[in-house]
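Visitor: The structure that follows is given in the form of structure tokens.
The values are calculated or read from the model by the stated rules, or taken from the named source; none is laboratory data. Remember, it's a predicted structure, so these values are computed and weren't measured experimentally. Counting neighbours? That spans all protein chains shown, and the Cβs are built from the backbone with ideal geometry, glycine included. Ligands, DNA and RNA are excluded from the accessible area calculation, which covers all protein heavy atoms including side chains. Shrake-Rupley method; radii C 1.70, N 1.55, O 1.52, S 1.80 Å.
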Amino acid sequence: MGALSGTLSYKLFYVQGEVPENWQELYLQQIRKNAFKPLQPEDEEEVSEGWVPVERPLQISFDLHTLLFDHFINLGFRQDKYAIPSALLKAHVEEAEREYMIQNDKQRLSKFEREDIKIMVKRKLKEKQLPRMKVIDMSWDLQKGRVRFWSQSGNVCELFQGYFEDTFGLKLLPGNPYINAVQLEPGPEKIEELAVVEPTNFIEGLPQR
């Protein structure tokens, strides 16, 4: 969350490239194509990501009214993940293997039998629990070419960046102090000065407590 309520801490990106003239129709089509798909217990995948409406993260249907606010495109980036504790999975797998060997009068199991049993056990455990859901807001200022993403996690931001670029066909440039300053277009001389700026420790020399 974050775009409409919650924390003000976000990661800033700069959009590289031009928005096409038919962007409304094109982007709506691409968002639907990359919308979140709910996980099912029988799926091999244990993680699913995709776009959801920013105000209704349980919905996966879109129209322009759900994503466009003035000159902002607002979306939620949802990630669901099954998280079965390893100790719990191991215990259930071992129990299932014992039962299988007794029922089939076996002393040992083949590699393929063990894999099949583990898949079956994981599916049964997933049927008993819901995946963990995480939704992070994104707000794209179309006029200024800036994207705010309400997460500071490097892995999550990298994943989001890839989804954004695949969906909209535009590159994202992650913001940092130098990039933020260059985006203000200070002029060639200032840019050269910024390139050699060294970090400064503002608390050096303060008395130790």
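Visitor: If I filter segment 8-39 down to residues being closer than 20 Å to Glu158 by Cβ and surrounded by fewer than 14 Cβ atoms within 10 Å (Cβ to Cβ), which single residue comes out as modelled with the lowest pLDDT?
Guide: Selected residue: Ser9.
Visitor: For segment 40-91, how many residues are open to solvent by less than 40 Å² (accessible area, probe 1.4 Å), among the hydroxyl-bearing types (Ser, Thr, Tyr) and not in a loop (DSSP other than H, G, I, E, B)?
Guide: Number satisfying all stated conditions: 1.
Visitor: What strands (runs of 3 or more DSSP E), lying completely within segment 97-184, carry at least 1 residues that are under 20 Å from Glu45 (Cβ atoms), modelled with pLDDT of 90 or more and in contact with a strand residue (DSSP E or B) (Cβ under 6 Å, 6 or more places away or on another chain)?
Guide: Here the list reads 132-141.
Visitor: Among Ala91, Ala83, which is over 22 Å from the mean Cα position of the chain (by Cα) and of a type in the set (Gly, Ala, Ser)?
Guide: It is Ala91.
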